[in-house]
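The values are calculated or read from the model by the stated rules, or taken from the named source; none is laboratory data. Being a predicted model, the structure only gives us computed values, none of them experimental. Positions of Cβ are generated from backbone atoms using ideal geometry, with glycine treated the same way; all protein chains shown enter the neighbour counts. In case anyone asks, the SASA skips ligands and DNA or RNA and just uses the protein heavy atoms, side chains included. Shrake-Rupley method; radii C 1.70, N 1.55, O 1.52, S 1.80 Å.
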Amino acid sequence: MSQSNILILMVVIPLIFSQSARGKDCVCELQNSDPAFPENKLNNVEFTATQCTENITSEKMTEIDRLMLGLQHRIRQLLDNVSMLEKEDNGNLYAAVSLRIIELELAEIQDLLDKLNRTTNIYQQLSVKAATELQDMEETMTELENFDHTQVMVKQRENQRIKRDLEQCKEDLNSTSPTPTLPPGHCGLGSMVNVSGPKTYSLTEYGTSYTCGAWGRDANPAPEDENKYWLVVLSSSNAYGNFIRQYKSLTTTILGIGSADTYISSSNPTTNTIQGSNMVMYANAFYYNCYNTYSVCQFNMTTRAVSTVALPSDTGYNNKFPFAHLGTTYTYTDMDFATDESGVYVIYATTSNFGNVVISKVGTSNPPVLNQTWSTSLHKKTVTNTFMVCGVLYATRYLDKEIEEIFYSYDTKTNEERYDLRIHIKKMQTNIKYMNYDPRDHLLYVYSDAYIVTYEIMF
């Protein structure tokens, strides 16, 4: 057989080779001696994992907290009622009506206790079942890994080690150079590739009456305020607000209990009150569009003092350049505010930039100042929301009642604009009135037609 007719095969999995001559060709018949991959076991693991995900939801995990808080509230209310009746006692035994009221309240508390006990027992059973299923899945996956004869996973781990060694080598070569400042668009998270969720979805304590508002966390909090959440509803014509409500945790925010209000002014609207649904909190200061002006307001949550900085005189305000889509206009959204890993931004539009988006970094001194500014080619009225991540502006648009799309980005480090992003956000309500990124937990905080929602960004 000539060398030109020799066929050399290199394979990774063990194979049995046999050769036979067919005319002038050399034919290699390959027989795989390995057993077939147990695909049915992998399908069973996938099905079990899906069932666990459906059975253990965030709503179920917080149900016991809801019941406990409700029970505590009813017991405190009962104690208050008994104390009031004791003070009003005229020397005789309690009136039959009063005792009947207390009897009914005790019956309601007993119902809550029974429901709490039933729920606890159900969750204990669910926990035991989930633990058993997880153990079974772990054993099955260990068994399936034995079929990894191609060593794909081993090679992937080896490639990751080689990449780490290469990066270390680069750092060693550049060790004589000063450490560069981390550029805004490259803060170590990588590129945004997807948005998952919603992770949180709840109606506020105000109900469905207030469709415009905002919520979130302080992006740069004091140590004692790290777990707090804030909420603002626009209570006057769905356009203005004059106080900020704060909660001690996410659970109390969802339940609408244990809140504390901080008032900017006693009336609404008036000078320096909140105009529009775009606002953020950063380092114990609240940033928003001052009422009836093109200025940024900075409200100190401790001293309750208001400081302002004016945007360019041709900045649109009072619905000149609001967020919008074909179906509606989001009133008084001429200015948007955003936080990321480096601080606070204000997003707006000017007539000199033809109604296109302008980004300004806000210095968080007191009073605030405007630092670097970037002009884009994105027309503001074609956008429904914006937010910042690692110095990159992202913009969304309305696709339909169920989907909002992140379609645009502007990198403030490289000045690169992109209109080809296709990242979809699954909506729970028709309109998203507020959206902001929290650099602490990498979540998008959304206010959507009276509901508060969070989504997780995937990098």
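Taking the conditions exactly as written (assigned to a loop (DSSP other than H, G, I, E, B) and either at pLDDT below 95 or more than 25 Å from the chain's Cα centre (by Cα) (or both)), does Ser313 satisfy them or not?
The answer is yes for Ser313.
May I ask you to list pairs of residues, at least six apart or on different chains, whose Cβ atoms are under 7 Å apart, with the first in segment 112-141 being on the phi > 0 side of the Ramachandran plot and the second being surrounded by 12 or more Cβ atoms within 10 Å (Cβ to Cβ)?
Sorted first by the residue in segment 112-141, then by its partner, the list stays empty.
Quick one: how many residues across segment 282-323 are hydrophobic (A, V, I, L, M, F, W, C), open to solvent by 20 Å² or more (accessible area, probe 1.4 Å) and farther than 24 Å from Lys228 by Cβ?
3
Counting just the residues of segment 201-260 that are basic (Lys, Arg) and closer than 22 Å to Leu444 by Cβ, which one comes out most open to solvent (accessible area, probe 1.4 Å)?
Lys228
Out of all the residues in segment 324-377, which are open to solvent by 40 Å² or more (accessible area, probe 1.4 Å) and among the small types (Gly, Ala, Ser)?
Once the filter is applied, which keeps residues that are open to solvent by 40 Å² or more (accessible area, probe 1.4 Å) and among the small types (Gly, Ala, Ser), segment 324-377 yields Gly327, Ser342, Ser352, Ser365, Ser375, Ser377.
Which number in (1) in a loop (DSSP other than H, G, I, E, B); (2) modelled with pLDDT of 95 or more; (3) touching a Ser or Thr at 6+ places or on another chain (Cβ under 6 Å); (4) farther than 22 Å from Gly213 by Cα marks the one condition that Asn366 misses?
With (1) in a loop (DSSP other than H, G, I, E, B); (2) modelled with pLDDT of 95 or more; (3) touching a Ser or Thr at 6+ places or on another chain (Cβ under 6 Å); (4) farther than 22 Å from Gly213 by Cα applied to Asn366, the lone miss is (2).
Filter segment 193-246 for residues that are β-branched (Val, Ile, Thr) and more than 15 Å from the chain's Cα centre (by Cα) and give the result.
Thr204, Thr208, Thr211, Val232, Val233, Ile244
Considering only residues that are open to solvent by 30 Å² or more (accessible area, probe 1.4 Å) and of a type outside the set (Gly, Ala, Ser), look in segment 262-281 and name the one that is farthest from Tyr348 (Cα to Cα).
Here the residue is Tyr263.
Looking at Glu138, Glu167, Glu133, Glu143, which is the one that is modelled with pLDDT of 70 or more, surrounded by 10 or more Cβ atoms within 10 Å (Cβ to Cβ) and more than 28 Å from Ala49 (Cα to Cα)?
So the residue among Glu138, Glu167, Glu133, Glu143 that is modelled with pLDDT of 70 or more, surrounded by 10 or more Cβ atoms within 10 Å (Cβ to Cβ) and more than 28 Å from Ala49 (Cα to Cα) is Glu167.
May I ask you to verify whether Ser202 is of a type in the set (Ser, Thr, Tyr), at pLDDT 85 or above and part of a strand (DSSP E or B)?
So Ser202 fits the description; yes.
Being among the acidic types (Asp, Glu) and within 15 Å of Met335 (Cβ to Cβ) narrows it down to one of Asp225, Asp314, Asp218, so name that one.
On inspection, the qualifying residue turns out to be Asp314.
Being among the small types (Gly, Ala, Ser) and over 24 Å from Lys426 (Cα atoms) is the filter here, so list the residues in segment 369-403 that pass it.
Ser375, Ser377, Gly391
Name the strands (runs of 3 or more DSSP E) wholly within segment 402-459 that hold at least 3 residues that are of a type in the set (Val, Ile, Thr) and buried (at least 21 other Cβ atoms within 10 Å of the Cβ)?
Hits in segment 402-459: 451-458.
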